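The values are calculated or read from the model by the stated rules, or taken from the named source; none is laboratory data. Worth saying up front: this structure is predicted, and the values here are computed from it rather than measured. Ideal geometry is used to build each Cβ from the backbone, glycine not excepted, and the neighbour counts take in all protein chains shown. To get the accessible areas, we keep the full protein, side chains included, count just its heavy atoms, and leave off ligands, DNA and RNA. Shrake-Rupley method; radii C 1.70, N 1.55, O 1.52, S 1.80 Å.
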Amino acid sequence: MALSAADLPALYTLLVNSMSQDESVRKPAEAALSQSENRPGFCSCLMEVITAKDLVSQVDIRLMASVYFKNSINRYWRKRRDSSGISSEEKQHLKQKLLSHLREENNQIAQMLAVLISKIARFDYPREWPELFSFLAQQLQSADVLTSHRLFMILFRTLKELSTKRLTADQRTFAEISSHLFEFCWRLWQSDIQTILHGFSTISQSYGSSAVEQHHDDLYLTCERCLFCLKIICQLVISGFQSDAKCIQEIRPVKEVSPVLLNAAQSFLPYYTSFQSRHPKFWDFIKKACTKLMKVLVAIQQRHPYSFGDTCVLQPVLNFCLNKITDPEPDVLAFAQFLIKCMVMVKSVLECKEYKPSLTGRVMDENSVTLEQMKKNNSNAVAGVLTSLLPKERIVLLCNILIRRYFVLNSSDLEEWYENSEAFHHEQDMVQWTEKLRPCAEALYIVLFENHSQLLAPIVVSILQEAMNGCPTSVTEITPGLLLKDAAYGAAAYVYYELSNYLSFKDWFDGALSLELSNDHPNMRIIHRKVALILGQWVSEIKNDIKRPVYCALIRMLQDKDLSVRLAACRSLCLHVEDASFSEKDFSDLLPVCWVSCFNLVKEVQEFDSKVQVLNLISVLLGHVNEVIPFANNLMQFFQMVWEESSGESLLQIQLLIALRNFVVALGYQSPSCYAMLLPILQKGIDINGPDELNLLEDSMLLWEATISHAPTMVPQLLAYFPCLVEILERNFDQLQVAVDITEGYIILGGREFLSMHASSVARLLDLIVGNVNDRGLLSTLPVIDILIQCFPTEVPPLISSTLQKLVVICLCGGDDKDPSKTAVKASSAAILARIWVMNTNYLAQLTSEPSLSSLLQQTGVAIEDNILLCLVDIWLDKDCELGN
């Protein structure tokens, strides 16, 4: 039954109740709304709530209505088999209603309305809503500042939605949109920039004037519109044209847009400091605008590298970025996010493969130039521009600046470290490199070094030697020399693969690093943390004669008082244990203190990432050392504690499941000693109705397989878990191979007890697999059927008659003999049936004479004129069929 205007009061009440804190009120309301979603008129009623003038102040109710509206679009805008969806008439009404409500004053509601239009456009544009963009463009011609702001919000959301459609026809449609909208948006954006800069100039000259402040709201809306317009221009240039790396055609807007974007950023920067305290709203805009302008330039360069590589674009942009990095004004130096974007731009250019000069020649052809040759020509041209922009002196200067200025810890960093060393560790070493200045500088340095390693390796070594000479190992005060040494150690750690040709690690370790580690002064944590990093990065250069001292050093740092040092040591120790040349002989006597240090570290850390890191080390140790049994009890207590404390933290539980698997493998046939701890965890992991089933199932299955493989005997608890395997495969076959291995383990380990208890489950499992998986899946499953028949030749064949009938069909249907996998499936199936013929002749004769088999053969289109058993005999005797037994 359709909803109408008469149902609005009831719908409003349900929306109000759905936001109640009282669960007894909220749950029934949510259920009622959910049941109403597919009723005709539901979305129209929601639209009335969203746009009702008497509900303007009730933003939360309107937002809730828009959320239900969005969900209904996703579920019912297209017709589905189980629902007729939203009628064409109601769709038309909704689209008209949305476009008639463009001047929404509340920003949150306006954003939701833009999302609603974009979701509908994804389904309906251009076939069912061809007038959308022409209508929006027409409205822009006469819109005031607020309306144009909302229109650009809609345009941005809609273009963003449409740009994600990947079909060729959809991309052509987007290109058409781009050709129609680009010029208008570009002109408006340039006009807005001039308006904003004029307004900023007036504000800075007329501080405190009430007449000027009256225009701030309109100017701020213009600023917001300008940002939306910039995002739209980015979408049009990025998604409206095929990448020039593929089409090798010049993208004209790149040359037109990029220099103007750069000039805009340059024009805004002078206001960054002056507006910070006086005009925080506009200061926030300047931050957004400058970082967004650089982000758009990076996006354009990555999408259209050849057009961006033109001298008129690449030269001013790269020069600007390099100058800001190497010689920033005080304002820019305080603007970390902008410096990050400049570094990202330089890094993107340096690692762009289209800018690498081609060293290969070609066979000359006077009549044509191939696409590859055009790419080579473009690459060589851009490489020439880069060479002129980055002479050796500038490369060396950039390397020096990165290490000496951006790698060096400042007072703010040290304060953060002392306040919370654990958080500092993760912020410096595990944060996304584009979010913080120092990690970004390190990423740029690594790419710069990779491109110019022969030039920069001696430079880095000289900086390292200078820092070590200027700050001897005995120095403990936090001086500029100590901080430079920390920075130089980091620089040497990140590019170990080249510096090993210039620097002897043994001499470095014996002459400096080991001495610094023996100094326990609290300030030495700065150096100790970086030494831990070096020991991990240089693992391939640590030879046998120094492995033992390095292991001892890492274990010592694993017990340090500072959590940042301990976590750095934890990560480096993991790299050593995983290394192919790991020496267990040199490490074995350190294991007891290593286990204890890990257990203590997990108890002391607070952050999730820290626990995962320590658990990963424990897992790696279990997989690479043999002496596990003496520490089994402590490990079991540790695993039990972590599991109990990790409720709801699926990533941590996944790491624990991996560690448990390695633990079971390490214990081998003594693994039953850990069943009291292990089996309850395993049971939760394989429960498909559990809350974390999607996250834990894969690793739980691997743990299950390891448990069965290393069990000396079957225990009742494990035996009772087998039906879970059927439930898992009834959902999907993602874990088929592991499930097959588990089944094989149950057959061999459980024997007759297993078969008598789970005969129906085994039959269901095999019937589920055979006939529903591809040839690869069948080839992994058929050996299990063969083992079953070998172990129980009398009991099993009648039990799995349905599966065996499918194998007969596989043998008798023609198939493609040229397909190796199909031939292998046919041969394996024939071998299984032959085994039954030898071991249980009467049953096979009975099976082949059953009417249900003849009916199945007819359904699959197999015409059998002779006796089915005789046909099978012909297949067994066929010299071209490899039976495999």
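Any idea of the accessible area per residue across the stretch 1-101, 1.4 Å probe, to the nearest Å²?
Details: 5540 Å² over 101 residues.
Per-residue accessible area for the stretch 1-101 comes out at 55 Å².
Quick check for me: using +1 on Lys/Arg Cβ and -1 on Asp/Glu Cβ, what's the dipole size of the stretch 751-813 about its Cα centre, in debye to the nearest 20? Can you show the working numbers first?
Details: 4 positive and 5 negative charges, 19 e Å.
The dipole of the stretch 751-813 has a size of about 100 debye.
Under 19 Å Cα-Cα from Lys818, which lysines qualify once same-chain neighbours fewer than 8 residues away are excluded?
The qualifying lysines are Lys826, Lys879.
So if R0 is 45 Å, what FRET efficiency would Lys543 and Ser34 give, r being the distance between their Cβ atoms, rounded to the nearest 0.05? Let's see the in-between values first.
Values: r = 66 Å, r/R0 = 1.47.
According to the calculation, E is roughly 0.10.
With Cβ to Cβ distances under 15 Å as the rule, what net charge do the other residues near Thr195 carry (K, R +1; D, E -1)? The partial results should precede the final answer.
Values: positive: Arg187, Arg225; negative: Asp144, Asp192, Asp217, Asp218, Glu224.
Once all neighbours under 15 Å are counted, the net charge is -3.
Quick check for you: with a 1.4 Å probe and neighbouring chains kept, what is the accessible area per residue of the stretch 770-884, in Å²?
I get 51 Å² per residue for the stretch 770-884.
To the nearest 0.05, how large is the calculated FRET efficiency for Gln92 and Asp589 if R₀ is 60 Å and r is the Cβ-Cβ distance? Please list the in-between numbers first.
On the way: r = 79 Å, r/R0 = 1.32.
The value I calculate is 0.15.
Just grab the label-to-label distance for Lys353 and Ser581, each label 7 Å out from Cα along the Cβ direction, in nm (one decimal).
3.1
Share of the chain's accessible area from carbon and sulfur, percent, 1.4 Å?
Solvent-exposed carbon and sulfur of the chain make up 50 percent of the total.
Considering the dipole of the chain built from charges on the beta carbon (Lys and Arg +1, Asp and Glu -1) around the Cα centre, which of Ile688, Thr707, Thr222 is farthest to its positive end?
With unit charges placed on the Cβ atoms, the residue in question is Thr222.
Going from most exposed to least, what order do Thr51, Thr158, Thr370 have by accessible area with a 1.4 Å probe? Let's see the in-between values first.
Values: Thr51 20, Thr158 0, Thr370 80 Å².
Sorted descending by solvent-accessible area, the residues read Thr370, Thr51, Thr158.
What does the charge dipole of the stretch 273-327 about its Cα centre add up to, to the nearest 20 debye, if the Cβ of each Lys and Arg holds +1 and the Cβ of each Asp and Glu holds -1?
On the way: 8 positive and 3 negative charges, 71 e Å.
Rounded to the nearest 20 debye, it is 340 debye.
7 Å from Cα along Cα→Cβ at both Gln432 and Phe608: what's the point-to-point distance in nm?
1.6
Which whole-number percent is the relative contact order of the stretch 381-529 (Cα, under 8 Å, 6+ apart)? Don't jump to the answer; show the numbers that get you there.
Numbers: 98 pairs, mean separation 36.5, N = 149.
Relative CO of the stretch 381-529 lands at 24 percent.
Rank these residues by their accessible area, most exposed first, probe 1.4 Å: Lys506, Lys347, Lys561, Lys119.
Result, largest first: Lys561, Lys506, Lys119, Lys347.
Please get the size of the charge dipole for the chain, origin at its Cα centre, with Cβ charges of +1 on Lys and Arg and -1 on Asp and Glu, quoted in debye to the nearest 20.
Numbers: 78 positive and 100 negative charges, 449 e Å.
Using Cβ point charges on Lys, Arg, Asp and Glu, the chain gives about 2160 debye.
Among Asn107, Gly648, Cys674, whose Cα lies farthest out toward the positive end of the dipole of the chain, if unit charges sit on the beta carbon of Lys, Arg (+1) and Asp, Glu (-1)?
So the residue we want is Asn107.
Take Ser274 and Glu393, extend 7 Å from each Cα along the Cα→Cβ direction, and tell me the distance between the two endpoints in nm.
It is 3.4 nm.
Divide by every residue of the chain the summed helix terms, -39500 (n - 2.57) for each DSSP H run of at least 4, and state the resulting mean residue ellipticity at 222 nm, rounded to the nearest 500 deg cm²/dmol. Provide the component values of the computation, followed by the final result.
Numbers: 49 runs with 642 residues, N = 885.
The per-residue figure over the chain is -23000 deg cm²/dmol.
Under 14 Å Cα to Cα from Lys347, which aspartates and glutamates show up? Leave out anything in the same chain fewer than 8 places away.
Glu442, Glu450
Just to be sure I understand the rule: take each whole DSSP H helix in the chain, project its Cα atoms onto its long axis, keep it if the span is 30 Å or more and its mean Kyte-Doolittle hydropathy is at least -0.5. Which ones pass?
Those that clear 30 Å and a mean of -0.5 are 168-205, 216-239, 280-303.
Averaged per residue, what accessible area in Å² does the stretch 515-637 show with a 1.4 Å probe, protein chains only? Please report the intermediate quantities before stating the final value.
Working: 4770 Å² over 123 residues.
The answer is 39 Å² per residue.
Would you kindly give the portion of the calculated P(r) for the stretch 771-847 that falls above 18 Å, as a percent of all Cα pairs? Show your work: numbers first, answer last.
Numbers: 1003 of 2926 pairs.
Of the Cα pairs, 34 percent sit more than 18 Å apart.
Which one, Gln249, Tyr502, Ile658, projects farthest toward the positive side of the charge dipole computed for the chain from Cβ point charges (K/R +1, D/E -1)?
Gln249
Rank Ser756, Ser66 by accessible area, highest first, at a 1.4 Å probe radius? Working shown, then result.
On the way: Ser756 95, Ser66 0 Å².
Ranked from most to least accessible, the order is Ser756, Ser66.
So which of Lys246/Lys292; Lys295/Lys375; Lys288/Lys436; Lys392/Lys436; Lys165/Lys246 end up more than 23 Å apart by C-alpha? Don't skip to the end; give the middle numbers.
On the way: Lys246/Lys292 26 Å; Lys295/Lys375 26 Å; Lys288/Lys436 16 Å; Lys392/Lys436 28 Å; Lys165/Lys246 19 Å.
Over 23 Å apart, Cα to Cα: Lys246/Lys292; Lys295/Lys375; Lys392/Lys436.
Excluding residues on the same chain fewer than 8 positions from Lys119, give the aspartates and glutamates whose Cα lies under 20 Å from its Cα.
Lys119 reaches Glu37, Glu48, Glu89, Glu90, Glu104, Glu128, Glu131, Glu161, Asp170, Glu176.
Only Cα pairs under 8 Å and at least 6 apart count here; give the relative contact order of the chain as a rounded whole percent. Provide the component values of the computation, followed by the final result.
Working: 925 pairs, mean separation 41.2, N = 885.
After rounding, I find 5 percent.
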